[in-house]
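Notes to accompany the following structure.
The values are calculated or read from the model by the stated rules, or taken from the named source; none is laboratory data. Model, not experiment: these values are computed from the prediction. Positions of Cβ are backbone-derived with ideal geometry, glycine not excepted, and every protein chain shown enters the neighbour counts. Accessible surface areas use protein heavy atoms only, side chains included; no ligands, DNA or RNA. Shrake-Rupley method; radii C 1.70, N 1.55, O 1.52, S 1.80 Å.
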There are 2 protein chains.
Amino acid sequence: MAQFLLKTRLALELPKISAALERAENTLPQEVRPVCHHILASQGKRLRPFLAILFARLLGQKKDDIYDLSVSLEMLHAATLLHDDVLDNASQRRGKPSAHTIYPVTTTILSGDALLAAGNALVARFGNPDLSAAYSRATMATCAGEIAELSSQYSVDNTLDHYIAIITGKTAKLIGAACEMGAIYAHASNDERRASVRFGEAVGIAFQLVDDALDFAKEEETGKPAGGDLKEGKLTLPIRYYRDSLTENDRADFDAQFTQGKLSDALCQKSIESIRANGWDTKTRAYADTYLAQAIEALMTLPDREERGLLRDVTHFVRDRKKWGHHAL
Amino acid sequence: MAQFLLKTRLALELPKISAALERAENTLPQEVRPVCHHILASQGKRLRPFLAILFARLLGQKKDDIYDLSVSLEMLHAATLLHDDVLDNASQRRGKPSAHTIYPVTTTILSGDALLAAGNALVARFGNPDLSAAYSRATMATCAGEIAELSSQYSVDNTLDHYIAIITGKTAKLIGAACEMGAIYAHASNDERRASVRFGEAVGIAFQLVDDALDFAKEEETGKPAGGDLKEGKLTLPIRYYRDSLTENDRADFDAQFTQGKLSDALCQKSIESIRANGWDTKTRAYADTYLAQAIEALMTLPDREERGLLRDVTHFVRDRKKWGHHAL
């Protein structure tokens, strides 16, 4: 039932988000539009715009240019995806070829830059420096998170706190900014604004942790081979739990292969099976739940309007997500 | 004498620009600071911040946080250089190794993103949406200009107007934005603001045209081998004049090699000598002068203060520039 209400509301908002996105695309320089359209059209459920809209409404703002404001978040997200896919040399994005496999790499990078700039221009149009500041901070945090992730790749020497800091930067700060910008747009109080950020960042961390767990779900369920993070040398939470469970000898063997980025197929398969058998993925989801509980705690300090119930449903959606894909929503 | 006054003023402003740049660097995420410092420290005479400062003062604004605002332009400029050098796979930048030859390419791209974001955040801090809008427009125009340049590389099928449009985007729009942001900061009238943009864009176009002429100066004078643009397939103005002067047969031969990006050393040398002997580089400088005349015309509508004389001297500096290097100032 709850998910039905959430899906109904999303279905109502999506056409307005799409229309705003089309208006925004038309502000882009002609040269970058094909690449930008490619990435923007391949997106999922517009989580970030949707959250900004829900927070604006929850905090009492009824104006309709929230749709234009909200798509600035999708543009920033799309810009990071364009650059990410180049950096990771990823060939696919949500089942479609990555932009840089169709367009020149140079055009792809510059299109990401133009999307960032157009997103900033869009936010600047609202004439509220707090919005521009929140947007720029989110961009910086996302870059910093990605760089931190790259520098801890193929390493087993970082703490869980460090890992949480990385995913906070690369995923949660932007989701936090989506909620915060909705609150700023609604002229919310400082307390409400802080609660909105807390909700968004906690949801973002949980979202990424669930993603990390889903990397070990069956390929039939997710459409993606299991264990990608093992091969990519990312010490995500389920992999961390697994590694901690190994005997000293097995761990030395695992570390040797993991840090070289040369995990044998046999060890990869053994690791996946152990993670499933011991429930390290389930334990990761339980850890994500602690963040979702924090998100709900922050949410409950906000007004008791329809959107509060929907935002609670968003946390359930994040918790129960079955399909792999960091960017599915 | 005139150049002496300009140099004296620049020498007075540079330490304040450097201090502001250091403050700005400290707002960057820790992870990107080494790359950002590498590119920011290798810069030249800070033309863009200097122009913003001169316009703010010319239009009557005495406040000192102009220094902080002005360095946002250097950050945007540095971000484009980081991405450019990756795109061009350039190994050097102003006699020093390019960032991406020292740091990983991924970190270099993300550092460019962080610089863009930090520049935006810095501008947003001023709480004036007109500043943010001008800054974002300049970023978009620069990206679009670079993409347009890439797509007309190794082609002889574009008009002079198209070429001017390309260099307006990739070079002149940002210089125009520097002047405009100084004017906005000074709460200038709309007429003054428009004149500031006109000055900056005309100077920017002339700056790039002189650069294109300098590509054919002697290596002893510029520290760089002549004719780089020939090999890179850029139909700059001196090359265009030269090509137009060829007989039909010679032009067919030139086109065949130029559009393949495989200009023989012999033809390259012959082209360079012809451009020098026929003065196509000098004719390019004369064409640049027409833009500098437009710049001075716009400037003369602005108040008769000390800075107006200095800005006129800037046009002379651009005209008489001897050293190669798009980014020398």
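Through the Karplus equation 6.51 cos²θ - 1.76 cosθ + 1.60, θ set to phi - 60°, convert the phi angles of the range B:58-69 into ³J(HN,Hα) values in whole Hz; use x for Gly and Pro.
Per residue, the Karplus-derived 3J(HN,Hα) values read 4, 9, x, 9, 9, 4, 8, 7, 4, 5, 5, 4 Hz.
At 1.4 Å probe radius, can you tell me the per residue accessible area of chain A in Å²?
Accessible area per residue, chain A: 40 Å².
Between the DSSP loop rule and a limit of at most 15 other Cβ atoms within 10 Å, which chymotrypsin sites (Phe, Trp or Tyr not before Pro) in the range B:183-230 are left?
none
Set the Förster distance to 51 Å, then compute FRET efficiency between A:Thr8 and A:Lys218 from the Cβ-Cβ distance, nearest 0.05.
0.95
Before rounding to the nearest 500, sum -39500 (n - 2.57) across all DSSP H runs of length at least 4 in chain B and divide by the residue total; then give [θ] at 222 nm in deg cm²/dmol.
-23500 deg cm²/dmol
For A:Ser155, place a label point 7 Å from Cα along the Cα-to-Cβ direction in every copy; what are the distances to the other copies, in nm, shortest first?
Here A:Ser155 shows inter-copy label distances of 4.4 nm.
Can you give the accessible area buried between chains A and B, summed over both chains, with a 1.4 Å probe, in Å² to the nearest 100?
On the way: alone 14520 and 14500 Å², together 26170 Å².
Between A and B, the summed buried area is about 2800 Å².
Work out from phi, with θ = phi - 60° and the Karplus expression 6.51 cos²θ - 1.76 cosθ + 1.60, the ³J(HN,Hα) of each residue of the range B:81-91, listed in order in whole Hz, and give x for Gly and Pro.
5, 4, 5, 4, 5, 5, 4, 7, 6, 6, 8
If you roll a 1.4 Å probe over chain A with all protein chains in place, what percent of the accessible area is carbon or sulfur?
So the carbon and sulfur contribution to the accessible surface is 50 percent.
Which distances in nm, rounded to one decimal and ordered from shortest, link the label point of A:Lys96 to the equivalent label points in the other identical copies, with labels set 7 Å from Cα toward Cβ?
In nanometres, ordered from closest: 4.1.
If you average the C-alpha positions of the range B:208-226 and of the range B:256-329 separately, how far apart do those two centres end up, in angstrom?
Computed from Cα coordinates, the inter-centre distance equals 10 Å.
With the solvent-accessible surface defined on protein heavy atoms using a 1.4 Å probe, which residues belonging to the range B:82-117 display a reduction of at least 30 Å² in accessible area in the multichain context relative to the isolated chain?
Listed by number, the residues meeting the 30 Å² cut-off are B:His83, B:Leu87, B:Thr106, B:Ile109, B:Leu110, B:Asp113, B:Leu116, B:Ala117.
Give me the one-decimal nm value for the distance between modelled label points at B:Asp88 and B:Asp253, 7 Å along each residue's Cα-to-Cβ direction.
If labels sit at B:Asp88 and B:Asp253, their model points lie 3.0 nm apart.
Work through the residues other than B:Arg57 whose Cβ is under 14 Å from its Cβ and net out their charges, Lys, Arg +1 and Asp, Glu -1.
-1
Comparing the chain by itself with all protein chains present, which residues of the range B:128-142 are at least 50 Å² less accessible (probe 1.4 Å)?
Relative to the lone chain, where solvent access is computed with a 1.4 Å probe, the range B:128-142 loses at least 50 Å² at B:Pro129, B:Met140.
Sequence-distant or interchain residues sharing an amide H contact under 5 Å with B:Arg93, placed H: which?
Amide H to amide H, under 5 Å and 5 or more residues apart or across chains, B:Arg93 pairs with B:Ser98.
Just need the relative contact order of the range B:23-160 here, percent rounded to a whole number, with Cα pairs under 8 Å and 6+ apart. Numbers along the way, then the final one.
Details: 119 pairs, mean separation 37.3, N = 138.
Here the relative contact order equals 27 percent.
Specify the angular offset, from 0 to 90 degrees and rounded to the nearest 10, of the alpha carbon long axis of helix A:280-299 from the longest principal axis of the alpha carbons in chain A.
20
So, R0 is 30 Å and r is the distance between the beta-carbons of A:His162 and A:Lys96; what FRET efficiency does that work out to, to 0.05? Provide the component values of the computation, followed by the final result.
Values: r = 33 Å, r/R0 = 1.11.
The pair A:His162/A:Lys96 has a calculated efficiency of 0.35.
For A:Lys283, go 7 angstrom from Cα along the Cα-to-Cβ vector, then report the distances to that same point in the other copies in nm, smallest first.
7.7
Around A:Glu146, what is the net charge, scoring Lys/Arg as +1 and Asp/Glu as -1 over all other residues with Cβ under 14 Å from its Cβ?
Net charge in that neighbourhood comes out at -4.
Of the trypsin sites (Lys or Arg not before Pro) in the range B:1-87, which ones lie in a loop per DSSP and count no more than 13 other C-beta atoms within 10 Å?
B:Lys62, B:Lys63
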